[in-house]
Structures are given as C-alpha cells and as structure tokens.
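Engineer: My questions all concern the structure below.
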Amino acid sequence: MKKYTYSAKENDIQKKWWVVDADGMVLGRLASVVAARLRGKHNPLFTPHVDCGDFVVVINADKVRMTGRKWQQKTYYRHSGYIGGLKEITAEKLREKRPEDLVRFAVKGMLPKNSLGRSIFGKLKVYAGGDHPHTAQQPQPLNVSANL
C-alpha cells in the first residue's frame, strides 16, 4: 500500500474573509492570531509552501494596547539608503502618525521572510477607524480572545 502526504493546491483552498476589532487588544497577542490566520495554520489542509490562509481585516488599530513602557521605549527603524539615513520613531509617535503601521509591522514580523510571506502579507487590511470598505466580501467577525 502506497502512503503519501497530501499537499494542498492553491485552488483547493477556499479563502474566507475575517474582521478583527483591535479595540483594547494587546498588540503582540493580536498579531500572533492574525498571522496564524493569514498563514492558514488553522486549516487542516495547511501546507507550509502554499498560501492556505484567509483574508483578515483589522479595524480600530488606533485603539490597540501595549504592555509595560513599550509606548515610550519601543522604537521602529527605517533607512533612507543614504549615508547617515537611519531614522527612528517611538511607538507612541507612530500611533499618532500612522496607527495602522503598528499592526502591520507586528504581523509582518511573524510571517515568513520570503516571497510567500510577502504575498500572504498582501491579504492583511488594516484600518485605524471602525469602518472598512470590504463589506461586499461579507467578512465574519473573528473572536481573537478565544484563540489565545
């Protein structure tokens, strides 16, 4: 009898849309659940080299929490490409300028660092307010606190 491991194909997976309310959620815990859902680890047909995940819409990103003194101490870096072009910003100032980027950076760090991770990251939609333009996809609410 020949046994083999099933490898999911891209068109075998039905992708769903989920909406997550980040109001009062701790950033790292929220990001780990969202990254696992984007990657497809909840799916019994999960295959590491195939995009098996769902689309995730995160709303109220400006109301996310951080524990301890991370608002003042956590810094995000970027480089312009020029000599001496290293820029840094604290989490507190980033929340004032672009609160969506807090969630984006946290989730992106939990995804694979290759072309598959970049394509998976494209399925994440983050919005600072409580409304989003993806109502036509009929996203279902995802209970993040039950997945922790």
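Engineer: Return the pair list, or none, for Cβ contacts closer than 7 Å from residues in the stretch 104-118 that are among the small types (Gly, Ala, Ser) to residues that are modelled with pLDDT of 95 or more, at least 6 apart or on different chains.
Structural biologist: Close Cβ pairs satisfying both conditions: ALA106/LEU27; ALA106/GLY28; ALA106/ALA31; GLY117/LEU111.
Engineer: Still on this structure: Just wondering, is there one or more residues in the stretch 58-77 that are part of a loop (DSSP other than H, G, I, E, B), more than 16 Å from VAL20 (Cβ to Cβ), of a type in the set (Val, Ile, Thr) and at pLDDT 95 or above?
Structural biologist: The answer is yes; a qualifying residue exists.
Engineer: Mind listing whichever residues of the stretch 8-25 are under 27 Å from THR67 (Cα atoms) and surrounded by 14 or more Cβ atoms within 10 Å (Cβ to Cβ)? Lay out the reasoning, then the answer.
Structural biologist: Narrowing the stretch 8-25 to residues under 27 Å from THR67 (Cα atoms): 18-25.
The answer is TRP18, VAL19, VAL20, ASP21, ALA22, MET25.
Engineer: Residues LEU111, LEU102: which one is under 19 Å from the mean Cα position of the chain (by Cα) and part of a helix (DSSP H, G or I)?
Structural biologist: Just one listed residue meets the conditions, LEU102.
Engineer: Going by what's in this entry, would VAL126 be described as modelled with pLDDT of 95 or more, farther than 30 Å from TYR6 by Cα and β-branched (Val, Ile, Thr)?
Structural biologist: yes
Engineer: Condition first: farther than 16 Å from GLN140 by Cα, in contact with a Leu (Cβ under 9 Å, 6 or more places away or on another chain) and outside any loop (DSSP other than H, G, I, E, B). Now tell me which residues in the stretch 1-25 satisfy that.
Structural biologist: ASP12
Engineer: Can you pull out the residues in the stretch 129-144 that are in contact (Cβ under 8 Å) with a residue 12 or more places away in the chain and surrounded by fewer than 19 Cβ atoms within 10 Å (Cβ to Cβ)?
Structural biologist: Answer for the stretch 129-144, where residues must be in contact (Cβ under 8 Å) with a residue 12 or more places away in the chain and surrounded by fewer than 19 Cβ atoms within 10 Å (Cβ to Cβ): GLY129, GLY130, ASP131, HIS132, HIS134, GLN137, GLN138, GLN140, PRO141.
Engineer: Among the numbered conditions (1) farther than 29 Å from ILE13 by Cα; (2) in contact with a strand residue (DSSP E or B) (Cβ under 8 Å, 6 or more places away or on another chain), tell me where LYS123 comes up short.
Structural biologist: Only one criterion in (1) farther than 29 Å from ILE13 by Cα; (2) in contact with a strand residue (DSSP E or B) (Cβ under 8 Å, 6 or more places away or on another chain) is unmet by LYS123, namely (1).
Engineer: Further question: When only residues in the stretch 1-34 that are free of Cβ contacts under 8 Å to residues at least 60 places away in the same chain and aliphatic (A, V, I, L, M) count, which is farthest from VAL103 (Cα to Cα)?
Structural biologist: MET1
Engineer: Considering each of GLY53, GLY117 in turn, give the residue that is within 19 Å of ALA35 (Cβ to Cβ), in contact with a Gly (Cβ under 7 Å, 6 or more places away or on another chain) and either of a type outside the set (Asp, Glu) or not in a loop (DSSP other than H, G, I, E, B) (or both).
Structural biologist: Just a single option satisfies the conditions, and that option is GLY53.
The values are calculated or read from the model by the stated rules, or taken from the named source; none is laboratory data. Since the model is a prediction, treat every value here as computed from it, not as a measurement. So basically every Cβ, Gly included, is an ideal-geometry build from the backbone, and we count neighbours across all protein chains shown.
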